[in-house]
1. Pull out all pairs, ordered by first then second residue, where Cβ-Cβ is under 8 Å, the residues are six or more apart or on different chains, the first lies in segment 7-31 and is over 11 Å from ALA79 (Cα atoms) and at pLDDT 85 or above, and the second is assigned to a helix (DSSP H, G or I) and among the acidic types (Asp, Glu).
2. Which residues, taken from segment 39-68, are of a type in the set (Gly, Ala, Ser) and either in contact with a helix residue (DSSP H, G or I) (Cβ under 7 Å, 6 or more places away or on another chain) or under 25 Å from ASP16 (Cβ atoms) (or both)?
3. If ASP94 satisfies all but one of (1) modelled with pLDDT under 90; (2) at positive phi, what's the number of the condition it fails?
4. Select, from GLU56, GLU90, the only residue that is part of a strand (DSSP E or B) and surrounded by 11 or more Cβ atoms within 10 Å (Cβ to Cβ).
5. Please determine whether any residue of segment 63-79 is loosely packed, with under 11 Cβ neighbours inside 10 Å and touching a residue at least 40 places away in the same chain (Cβ under 8 Å).
Amino acid sequence: MVQLLPLYGAVLRWEDAMKELVETIVKAMVDHPDEVVVTEVQGQHACIIELVVAREDVGKVIGKRGAHAQALRTLISAAGGKQKKRYVLEIIEDR
């Protein structure tokens, strides 16, 4: 079953809303928001959200001692729990 969510005047699928959530938060954190790329890889039991940012912005996304990365992972995990689906955030550093 595909659940649709109203968001910013548009209707999105739940998976698209999760991708949009990560993208919006990360773009607010970085110096080069135009270089933020968020992709989703669907699996049977989990959905992997891959995040690519500019090389100079990787530290901002990870944060001190991984605080920002952990906060993002906590948000997507909590939101995914409502759908009984596991989301995993991967920050891709090679670029």
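The values are calculated or read from the model by the stated rules, or taken from the named source; none is laboratory data. Every value quoted in this text rests on a predicted model; they were computed, and no experiment measured them. Methodologically, a virtual Cβ is constructed for each residue, glycine included, from the backbone with ideal geometry; neighbour enumeration extends over all protein chains shown.
1. Short answer, once both residue conditions are applied: MET29/ASP57; VAL30/ASP57; ASP31/GLU56; ASP31/ASP57.
2. Once the filter is applied, which keeps residues that are of a type in the set (Gly, Ala, Ser) and either in contact with a helix residue (DSSP H, G or I) (Cβ under 7 Å, 6 or more places away or on another chain) or under 25 Å from ASP16 (Cβ atoms) (or both), segment 39-68 yields GLY43, ALA46, ALA54, GLY63.
3. For ASP94, the failing item is (2).
4. Values: GLU56 fails: part of a strand (DSSP E or B).
When all the criteria are applied, what remains is GLU90.
5. no
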